[in-house]
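Note sheet for the following structure.
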Amino acid sequence: MALYSEKVMDHFTNPRNVGKIDDADGVGEVGNARCGDIMKIYLKIDNGVITDVKFNTFGCGSAIASSSMATELIKGKPLDEALKLTNKAVAEALDGLPAHKMHCSVLAEEAIRAAIKDYYDKNGIAYDKAQFPEPHED
Ligand code: FES
């Protein structure tokens, strides 16, 4: 069996929503200390809904595929729904990732969370801190 699903290969070789939003409403950047990979997510938000999203990922193929899929999953969604996106859901949408690559999908979950928190902070919007656990160091 191939190590990577067709969907992973598709989102790696043809990633969706790559780039930067200059006037983004929220920006989140996270990294994995162990592999050194970095992911940055930009959000445009209107009335609590994510109207546009772009990403830049300096990382492995699974991290790029995860970012691409995650941006597709949250585009057009309300913030509270985007906050519920888990790395498992991203990996499932990609038809799975090898066990030792699951941490790459964690970056996508954390980058989205960080971008939403950035938006809340910049706009003085109150939020439940429990929704934003510190990114893990793994
Ligand atoms: Fe670092 Fe995939 S190996 S995010």
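Restricting attention to the stretch 83-104, does a residue exist that is on the phi < 0 side of the Ramachandran plot, among the hydroxyl-bearing types (Ser, Thr, Tyr) and assigned to a helix (DSSP H, G or I)?
As a first pass, look at the stretch 83-104 and keep what is on the phi < 0 side of the Ramachandran plot: 83-94, 97-104.
So of that shortlist, the ones also among the hydroxyl-bearing types (Ser, Thr, Tyr) come out as 86.
Next cut, assigned to a helix (DSSP H, G or I) only: none.
No, there is no match, as no residue in the stretch 83-104 is on the phi < 0 side of the Ramachandran plot, among the hydroxyl-bearing types (Ser, Thr, Tyr) and assigned to a helix (DSSP H, G or I).
Condition check: out of contact with any Cys (no Cβ under 8 Å at 6 or more places or on another chain) and more than 16 Å from the ligand (Cβ to nearest atom). Does VAL90 satisfy that?
Numbers: out of contact with any Cys (no Cβ under 8 Å at 6 or more places or on another chain): yes; more than 16 Å from the ligand (Cβ to nearest atom): no.
The answer is no for VAL90.
I need the full set of residues from the stretch 62-81 which are closer than 18 Å to LYS117 by Cβ and among the small types (Gly, Ala, Ser), in order please. Walk me through it before giving the result.
Residues of the stretch 62-81 that are closer than 18 Å to LYS117 by Cβ, as a first pass: 67, 70-71, 74, 77-81.
Passing the criteria: SER67, ALA70.
Could you list, in sequence order, all residues of the stretch 31-72 that are hydrophobic (A, V, I, L, M, F, W, C) and farther than 14 Å from PRO15 by Cβ? Walk me through how you get there before you give the answer.
Taking the stretch 31-72 and keeping what is hydrophobic (A, V, I, L, M, F, W, C), we get 33, 35, 38-39, 41, 43, 45, 49-50, 53, 55, 58, 60, 63-65, 69-70.
Result: ALA33, CYS35, ILE38, LEU43, ILE45, VAL49, ILE50.
Within the group TYR127, TYR119, which residue is at pLDDT 95 or above and hydroxyl-bearing (Ser, Thr, Tyr)? Steps first, answer last, please.
Details: TYR127 fails: at pLDDT 95 or above.
The unique qualifying residue is TYR119.
Kindly provide the set of residues from the stretch 16-44 that are within 16 Å of the ligand (Cβ to nearest atom), under 15 Å from the mean Cα position of the chain (by Cα) and among the small types (Gly, Ala, Ser), ordered by number.
GLY28, GLY31
Consider ALA65 against the criteria (1) small (Gly, Ala, Ser); (2) within 21 Å of GLN131 (Cα to Cα); (3) within 15 Å of the ligand (Cβ to nearest atom): it satisfies all of them except one. Which criterion is unmet?
With (1) small (Gly, Ala, Ser); (2) within 21 Å of GLN131 (Cα to Cα); (3) within 15 Å of the ligand (Cβ to nearest atom) applied to ALA65, the lone miss is (2).
Rundown of residues vs (1) of a type in the set (Val, Ile, Thr); (2) free of Cβ contacts under 8 Å to residues at least 24 places away in the same chain, yes/no style:
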{"site": "ALA82", "(1), (2)": "no, no"}
{"site": "THR86", "(1), (2)": "yes, yes"}
{"site": "HIS100", "(1), (2)": "no, yes"}
{"site": "CYS104", "(1), (2)": "no, no"}
{"site": "GLU109", "(1), (2)": "no, no"}
{"site": "ILE116", "(1), (2)": "yes, no"}
{"site": "GLY124", "(1), (2)": "no, yes"}
{"site": "LYS129", "(1), (2)": "no, yes"}
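Restricting the stretch 1-15 to residues that are within 16 Å of the ligand (Cβ to nearest atom) and of a type in the set (A, V, I, L, M), which is nearest to GLU109 (Cα to Cα)?
VAL8
The values are calculated or read from the model by the stated rules, or taken from the named source; none is laboratory data. Just so we're clear, the structure is a prediction, and the values are computed from it rather than from any experiment. Here Cβ is always computed from backbone atoms with ideal geometry, including for glycine, and neighbour counts include all displayed protein chains.
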